[in-house]
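Written below as structure tokens is the structure these notes are about.
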Amino acid sequence: MSLQIYNTLTREKEIFKPINDGKVKMYVCGPTVYNYIHIGNARPIIVFDTVRRYFTHRGYDVQFVSNFTDVDDKLIRAAEELKLTVPEVADKFIGAYFDDVDQLNVAKATVNPRVTENMDEIIDFISALIEKGFAYKSGGDVYYRTKKFDGYGKLSHQPLTELQMGARIEANELKEDQLDFVLWKSAKPGEIFWESPFGKGRPGWHIECSTLARKYLGDTIDIHAGGQDLIFPHHEDEIAQSEALTGKTFANYWMHNGFLNIDGEKMSKSLGNFITLHDVLEDHDPNVIRFFMLSVHYRRPISLSDATLNDAENGLERLRTTYHNLDYRIQSVEEDFSDAEHKEEWLEQLTELKMQFEDEMDDDFNTANAITAFHELAKRANIYLTRDHVSVTVLREFYSMMRLFAEVLGVRLAGTSAATLDDAEIDALIEERLQARNERNFARADEIRDLLKEKEIILEDTAHGTRWKRG
């Protein structure tokens, strides 16, 4: 199966064809670093890190660029409140960003450009748009002539007339048309500013991503990605700016993840359910958060709650338990039954499961169904572990494939503890141990007992059954 991506621009799944064979040029809109990122920001970070990981698994060399907006009105307000300079605010929260996403096992971008470090390129970009007649100076600001770009609205699939009627735009007498958007904002007294041919000021939000994508990836890129909320106006405006300047397609594929809700409601400060990733990480295993984010297809909405996090925690722990069981069995097998019965059949099953996992990921990165294949892999591993005579080759293949699936999804299987093993899973392991003893599979029964002991679960066999307690 060829890898397919749902393209927001065409509203269809399309076979992925890179600009250059074996390479992927990917740009993902990064955060505005005026505070800790909220938990909704974590979804695109995790989703598109996973997309990148899968491309790498498929053998592509991925150039992955994600920016930091390190100057805008929010940073200026934060600087006033914190009694810091704007650069100090940016440094503080860029550091916090990396601290948080590192815990989520997010790989470093090829480059994380800052807006303030690319001001010359942004100014040159704006100047070129003015020369081409797509932008104009007015009252110290610079605006983009939206109606001059024929394709405006093609990403959000709205005609220009509907956008103009439906857009909530503050009246601005400096604009030729109220749908025009700002490229350069003149500085107010006391604000941070840069010198430019248009006067002292700073760039508008939309121009920065157009400039940075072009500088680090070229006129046309393979994939541009971000949250669904960025489709309009941010990404629509990026297309208008970039294609007006170069006359070329800006991005061949547009990917957007769905919204994250809190207990079924949209997250907002007014509802009092605004949660930072920093706070969530204090109470939850980062691997569970990542696993939760991937448990639903990236284009669908997802709801964060105690129940959904518990489901993710239980699902991940089942995989971890199987992984540790495999590791223990590999280390403890005294005799390798290399010719164990049905060895080749088991290896064929593993090949089929790998194909199933990849088929799901090839289908627009369907991590939800890929996780289903992951659980099926663990289920069959558990069945194999009940056998008296096993092939170490098969055990190692199960173990290796679990590591592979986990690596693609970016979750860590090692490092679990008794605190993440719930009562139901302990009872299930004890029941499996009892069944193994009844079948005189004492090796497996001992393995389970030792595994629980490692997790500080103490077993007591009595005339009335097995009791357990946490150590």
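The values are calculated or read from the model by the stated rules, or taken from the named source; none is laboratory data. Small disclaimer: the values here were computed from a predicted structure and weren't measured. Note that we place each Cβ from the backbone using ideal geometry, even for glycine, and neighbour counts take in every protein chain shown. Ligands, DNA and RNA are stripped out before the accessible areas are found, and what is left, the full protein with its side chains, is counted by its heavy atoms. Shrake-Rupley method; radii C 1.70, N 1.55, O 1.52, S 1.80 Å.
Looking at the structure I just gave you, is D263 free of Cβ contacts under 8 Å to residues at least 40 places away in the same chain, touching a Ser or Thr at 6+ places or on another chain (Cβ under 8 Å) and open to solvent by 10 Å² or more (accessible area, probe 1.4 Å)? Criteria not met by D263. The residues on offer are V296, V288, and the sole one that is touching an Asp or Glu at 6+ places or on another chain (Cβ under 6 Å) and either in contact (Cβ under 8 Å) with a residue 12 or more places away in the chain or in a helix (DSSP H, G or I) (or both) is V288.
Checked against the criterion of being more than 19 Å from T8 (Cβ to Cβ), at pLDDT 95 or above, open to solvent by less than 60 Å² (accessible area, probe 1.4 Å) and within 34 Å of the chain's Cα centre (by Cα), the candidates L129, L155 yield just one match: L129. For the residues A445, A428, A436, the requirement of being open to solvent by 20 Å² or more (accessible area, probe 1.4 Å) and either modelled with pLDDT under 75 or within 17 Å of T322 (Cα to Cα) (or both) singles out A428.
Number of residues in the stretch 228-260 that are open to solvent by less than 10 Å² (accessible area, probe 1.4 Å), touching a Ser or Thr at 6+ places or on another chain (Cβ under 8 Å) and part of a loop (DSSP other than H, G, I, E, B): the value is 1. Taken as a whole, the condition of being open to solvent by 10 Å² or more (accessible area, probe 1.4 Å), among the hydroxyl-bearing types (S, T, Y), farther than 30 Å from H389 by Cβ and over 18 Å from the mean Cα position of the chain (by Cα) applies to S305.
Scanning the stretch 367-413 for residues that are within 21 Å of T56 (Cβ to Cβ) and assigned to a loop (DSSP other than H, G, I, E, B), which turns out most open to solvent (accessible area, probe 1.4 Å)? Result: R412.
May I ask you to list the residues in the stretch 69-101 that are under 24 Å from S186 (Cα atoms) and either open to solvent by less than 50 Å² (accessible area, probe 1.4 Å) or in contact with a strand residue (DSSP E or B) (Cβ under 7 Å, 6 or more places away or on another chain) (or both)? If the condition is that a residue be under 24 Å from S186 (Cα atoms) and either open to solvent by less than 50 Å² (accessible area, probe 1.4 Å) or in contact with a strand residue (DSSP E or B) (Cβ under 7 Å, 6 or more places away or on another chain) (or both), then T69, D70, V71, D72, K74, L75, I76, A78, A79, V86, V89, A90 are the ones that fit. Among the residues of the stretch 300-321, are any assigned to a loop (DSSP other than H, G, I, E, B) and modelled with pLDDT of 95 or more? Scanning the stretch 300-321 turns up at least one residue that is assigned to a loop (DSSP other than H, G, I, E, B) and modelled with pLDDT of 95 or more.
The condition of being modelled with pLDDT of 95 or more and either open to solvent by less than 60 Å² (accessible area, probe 1.4 Å) or closer than 20 Å to A378 by Cβ (or both) holds for only one of D222, D327, that being D222.
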